[in-house]
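To start, the structure under review is shown below, and the notes come after it.
The values are calculated or read from the model by the stated rules, or taken from the named source; none is laboratory data. This one's a predicted model, so the numbers in the text were calculated from it and none came from an experiment. Note that we place each Cβ from the backbone using ideal geometry, even for glycine, and neighbour counts take in every protein chain shown. In case anyone asks, the SASA skips ligands and DNA or RNA and just uses the protein heavy atoms, side chains included. Shrake-Rupley method; radii C 1.70, N 1.55, O 1.52, S 1.80 Å.
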Amino acid sequence: MRSSDTVLRRLAPAALLTLVGVAFGRGALSGEPQFDATLTSELTFTDNATLSSTDEEADLILRLRPRIRASGQGGRTTWSIGYAPSLVFYALNGDRNNAQSNLNAFGTLEAVDNWLYIDGRATVLQTFENPFLPTPSDPTLATDNRKETYTLGLSPYIRGELFGEYRYLIRNDNSYSNAQNVAGDVLTSQLFGTIDSPVQRHFFWGADASYDYTKFESRQSFSAQLVRARAGMVVTPELSLRASGGYEWNDYGLSDYSGSIYGTGFDWRPTPRTNIAANWEERFFGPSYQANFTHRTRLTSWSLSGYRNTETYNNALLRLTPGETRQSLDQILTSRITDPLQREAAIDLFMSETGLPEFLGGALFFYNQNIFLIERADARFGILGVRNSLFLRAFYEESESITVEDESVATDLFSRNTHFRTRGAGAAFTHELTPRTSLTLSLDRSYTRSLSQQLELVTGRDATQTIARASVTHSLSPKTNITGRLRLARYDSDLSSYDEHAIQALIFHRF
């Protein structure tokens, strides 16, 4: 069994960040912070604790997951901290006992009234290293492919108005990532500036410029610069159009590029509950775009999004949002519960009472030292009825490195295997059996394929993962729920395959 001081060392970084943040928040706010704490105890019997295809080992696993959440605003600060460690204990294989941290903390300090601000963010997440090795959704299952990743972000910026109407912003986003037992830190920095005319006018204009710097510990640095001018017009109160043009310079190792960029876009709000927005721009890698459609009714939420642009591991982690089922519920309940904190509490209560999963599939994050061109599409639907609820998701993502190195200096999996495609879907259905008991069924399936042309260097080609769950949740009291769950999982790849079946019992309590 791992010693207690080893477990404490694993938890210390995230816990320290949490305590510092809370202390800072309490001292800086004029109002009282809001606190929320829960505890989940989970007992799992699995027939394949090691996710092996040949030497399957059954085990009984206990997982304790306390969660502390605090937030506040007032004075010069706004902040929020959520810390949820997992303590995992194996009955038959104590050497696999471990502690896993999960932290999401952010804050904003108004250093100078209405002018200078500082944003800070810290995350600790459980991610993976190789898409063709086991990527279990359950943190209790043992795999060396899981990595604990630390990401810190600091963004000082100034914003204000010139001549009382022209808005300007100068912002410096800095982020740092490191993964446990993986060589190589990732450091990114972006300096961004923009100026915009009043949007209330029939014609409006703006300009922006940016400088991006990315440094990987075991590789050279990469940089990109861009300047852009924008102009647009308000066609109707619901519709506005815009166009842009500019120039960019890029240094991505073996490939350099400089040239003109141009694009167009629109924002359309046909009804108070419907938003449609799209941007398209011709860049050095071809078309760049971002499109979003959202619609909600009293019982349903709909969303469709598309995206194509460059991205680093740091940028992706710092932009992570809550699970898609939570987002769908938030969209449905917006008109019913206008206060964001009350709405979040109502969503927490609903998910704990029904056993609804946070995520329905989706592309995973893999720690790497590369800049990728990402193309993704995502469709989501949710309906919240009196006794029945249904949530659906389908997704597609293709990632291709634009910082390819010579084979002789390839340092990691993503330096050799540089082109991936992932697609999949998920569904979750809940039914209220009685006023205090709910049934939940969910199914997730994803498929990942390597499209790399360096076949002799590729360490994996295909991976398919399927997870089915069935659970019954009963409310013992307004603050305590119990859940029984069955899980069936299958993972197939040309590097590793396994089947796993589990029975789980959970107790959830809100303090």
Roughly how many whole Å is it from the C-alpha centroid of the stretch 203-252 to that of the stretch 108-141?
25 Å
I'd like the accessible area for Leu495, computed on protein heavy atoms only with a 1.4 Å probe and all protein chains in place. Round to 10 Å², please.
90 Å²
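Find, among the trypsin sites (Lys or Arg not before Pro) in the stretch 153-226, those assigned to loop by DSSP (not H, G, I, E, B) with at most 13 other beta-carbon atoms within 10 angstrom.
Working: sites: Arg159, Arg167, Arg171, Arg201, Lys215, Arg219; in loops: Arg201, Arg219.
Those satisfying the criteria are Arg201.
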Any idea of Arg76's accessible area? Nearest 10 Å², probe 1.4 Å.
100 Å²
Neighbour-limited loop hits for GluC sites (Glu not before Pro), the stretch 224-301 (at most 16 other Cβ within 10 Å; DSSP other than H, G, I, E, B):
Glu238
As a test of reading the structure, rank Met233, Met351 by solvent-accessible area (1.4 Å probe, protein chains only), most first.
Met233, Met351
Using only the Cα atoms of the stretch 19-167, build the gyration tensor, take square roots of its eigenvalues as a ≥ b ≥ c, and label the shape rounded, prolate or oblate: rounded if a/c is under 1.5, else prolate if a/b is larger than b/c, else oblate.
prolate
Provide the solvent-accessible area of Tyr396, counting protein heavy atoms only and rolling a 1.4 Å probe, rounded to the nearest 10 Å².
80 Å²
